[in-house]
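Undergrad: One structure, pasted below without further comment.
Each reported figure results from applying straightforward, stated rules to the coordinates on display, with no laboratory input. For clarity, every value in this text was computed on a predicted model and none was experimentally measured. As a convention, Cβ positions derive from the backbone with ideal geometry for all residues, glycine included, and neighbour counts pool all protein chains shown.
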Amino acid sequence: MTANNEICAINAVQLADAIRTRSLSPVEVIDAILERMNRVEPHLHAFCTPTPELARAEAKRIEAEISAGRGAGPLAGVPVSIKDLIFTRGIRTTSGSVAYRDFVPDEDDIAVERLRAAGAIIIGKTNTAEFGYSATGHNPLFETTRNPWNLAMTPGGSSAGAGASVAAGIGPLALGSDGGGSVRIPASFCGLYGIKPSFGRIPLYPGSRDQRYPGASGWESIECYGPLTRTVADAALMLSAIIGPDPRDRQSRPREDFDWRGCARAGDLRGMRVAYSADWGYVAVDPEVAKIARDAARVFERDLGCVVEENHPGWSDPATVFAATMIAETDLRGMRKMIAEHGAQMSSHMVDLIMRPWSAEDLTDANIGRKALANRMARFMAKYDLLLTPTACVPPFPVLMQGPDKIGNRYVRPESFLAFTIIANLTGQPAATVPAGFTRDGLPVGLQIIGRHLDDAIVLRASAAFEGARPWAHRWPPLLERL
């Protein structure tokens, strides 16, 4: 293994320590990561706007700061990528849309602002579905992102490039966004750890919008940012740098009373009450996914000492509730103006959703349905510390699909594979995905871990405990051996 490859295999916690103690220079790290990017990107298409010059300049600045004995932030010199929906000052942010092809924000999103302040080095913007309206990796503007475990397959989305880049070792940290599973799905499909923290933990501002098209905005009450990483400890390190309230986000939450990094150290889960739902009682699940997820759930009982029982919360399929909630939080006037100008060059599934003749009753029914689901979940979680499910209903599927139309022996809508992830966006609960295993074809499968309201700490602890029992970070896609 070359020195550059060795650097690319180092996790963020170790990189930060090595740079802080001057065992590695940030310039060495960035050079290694950019060399990996140049080698892999022609096959992967994870980045829509790489920023090598900016990254090298920042690495030299941080190296000079450390050499001068000035304090380094907790992420000093660590490479990070930013999803292309998230504002980055001075770096193009297209949201995967021709309408934003040349848009360069003049301010950072709060999470990016905090990553920069912690010393992280931005290596580029990662590819996304257009405005995040799909859990896949294609849009009308850029090459389709591929899954490094099998280039014919999708890495999931909408944080597609984020998942593919970390899985291929192009930096240990990626910031994604999750409005219905868009961190957890690509983490699951790419064999990574991904966590959507509790709603409001990470402030959202300004969101994907500018003055031309106010409608191109995030979903205010269901969207969260979150890290995609190779280890639980890396995710906790990143979260520790970006959580906390900000007056620019009226829904941001006060700072929690626990140590994020401390929670990522495996603790004792013995005696915890854990529910496992294989299918919510109504979902079509691929048989191979079902077996892998069930075996992973048994680890909590067999190896970690939890009391695990199969149980379903008991709600009916909230797919229509979720779709109408997205629309209720979308500026239809602004989006329809954009479609009037650019619709022929926009994603057809998104255009169809926006242009549907939504009624006031559709939107109020969704609000009432969401409240009912949240209440049922609260009653269910009163009996359990954790709720486990498969992360996605299927393994990675071929690129350029919105989703499979058949799962097992059942015909389904293409978006049905998101049935497990949308729930935590509707309730605001913390939810993570851990790598659970691989299909016979070598494709990753994830297990979702959902915690009680605001109980991010137990989700991290449980994730770390599972990681200790079933380590995964040593596995890399075969693609890297061929290039």
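Undergrad: Summing Lys, Arg as +1 and Asp, Glu as -1, what charge do residues with Cβ under 10 Å from the Cβ of GLY200 carry, GLY200 excluded?
TA: With Lys, Arg at +1 and Asp, Glu at -1, the neighbours total +2.
Undergrad: Tell me the Kirkwood radius of region 50-131: reciprocal of the mean inverse pair distance over distinct alpha-carbon atoms, in Å.
TA: In region 50-131 this quantity evaluates to 13.3 Å.
Undergrad: Here is a further query. Would you work out the charge dipole size for region 48-101 about its Cα centre, treating the Cβ of every Lys and Arg as +1 and the Cβ of every Asp and Glu as -1, and quote it to the nearest 20 debye?
TA: That gives region 48-101 a dipole magnitude of about 140 debye.
Undergrad: Kindly provide the pair-distance distribution of region 169-209 built from C-alpha pairs, with 5 Å bins from 0 and whole-percent values in order of increasing distance.
TA: 5, 18, 29, 25, 15, 8, 0
Undergrad: Packing-wise, with mean Cβ within 10 Å as the measure, how do 455-468, 354-367, 303-316 rank, highest first?
TA: Peptide ranking by packing, descending: 455-468, 303-316, 354-367.
Undergrad: Size of the dipole of the chain about the Cα centre, Lys and Arg at +1 and Asp and Glu at -1 on the beta carbon, nothing else charged, in debye to 20?
TA: Dipole of the chain, to the nearest 20 debye: 400 debye.
Undergrad: Another one. Local charge sum around ALA160 (other residues, Cβ-Cβ under 14 Å, Lys/Arg +1, Asp/Glu -1)?
TA: That sum, taken over residues with Cβ under 14 Å, equals -1.
Undergrad: Then there is this: Using a/c under 1.5 as the rounded threshold, could you call region 342-391 rounded, prolate or oblate? The axes a ≥ b ≥ c are square roots of the C-alpha gyration tensor eigenvalues, and prolate needs a/b larger than b/c, oblate otherwise.
TA: Taking the square roots of the gyration eigenvalues as a ≥ b ≥ c, region 342-391 is oblate.
Undergrad: Counting Lys +1, Arg +1, Asp -1, Glu -1, what net charge surrounds GLN14 among other residues with beta carbon under 12 Å of its beta carbon?
TA: So the surrounding residues net to -1.
Undergrad: Taking 7 Å along the Cα-to-C-beta vector as the label spot, tell me the LYS60-ARG248 distance in nanometres, rounded to one decimal.
TA: 2.9
Undergrad: Relative contact order of region 1-120, please, whole-number percent, based on alpha carbon pairs below 8 angstrom and at least 6 residues apart.
TA: RCO, region 1-120: 24 percent.
Undergrad: Still on this model: Please work out whether the chain counts as rounded, prolate or oblate from its C-alpha gyration tensor, where a ≥ b ≥ c are the square roots of the eigenvalues and a/c under 1.5 means rounded, while otherwise a/b larger than b/c means prolate and anything else oblate?
TA: Judged from the Cα gyration tensor, the chain comes out rounded (a/c under 1.5).
Undergrad: Using the Cα centre of region 178-312 as the reference point, and only Cβ charges (+1 on K/R, -1 on D/E), how large is the resulting charge dipole? Debye, rounded to the nearest 20.
TA: My answer is approximately 300 debye.
Undergrad: Follow-up. What is the set of long-range amide H partners of GLY157 at a cut-off below 5 Å, with H atoms built 1.01 Å from backbone N?
TA: Under 5 Å from the amide H of GLY157 lie the amide H atoms of THR136, each far enough along the sequence or on another chain.
Undergrad: May I pose another question? Between their Cα atoms, which of LYS60/LYS83; LYS60/LYS196; LYS291/LYS371; LYS60/LYS125; LYS125/LYS371; LYS291/LYS383 are more than 30 Å away from each other?
TA: Where the Cα-Cα span goes over 30 Å, the pairs concerned are LYS60/LYS196; LYS291/LYS371; LYS125/LYS371.
Undergrad: Amide H neighbours of PHE47 under 5 Å, counting only residues 5+ apart in sequence or on other chains, H built in-plane at 1.01 Å?
TA: For PHE47, whose amide H was placed from the backbone, the distant partners under 5 Å are ASN127.
Undergrad: Additional query: Checking the a/c ratio against 1.5 first, then a/b against b/c, what shape does the Cα gyration tensor give for region 165-264?
TA: Cα axes put region 165-264 in the oblate bin.
Undergrad: Continuing with this model, one more query. How compact and how long is region 19-159, expressed as Rg and Dmax of its alpha-carbon atoms in Å?
TA: Reported Rg and Dmax, both Å: 15.8, 48.
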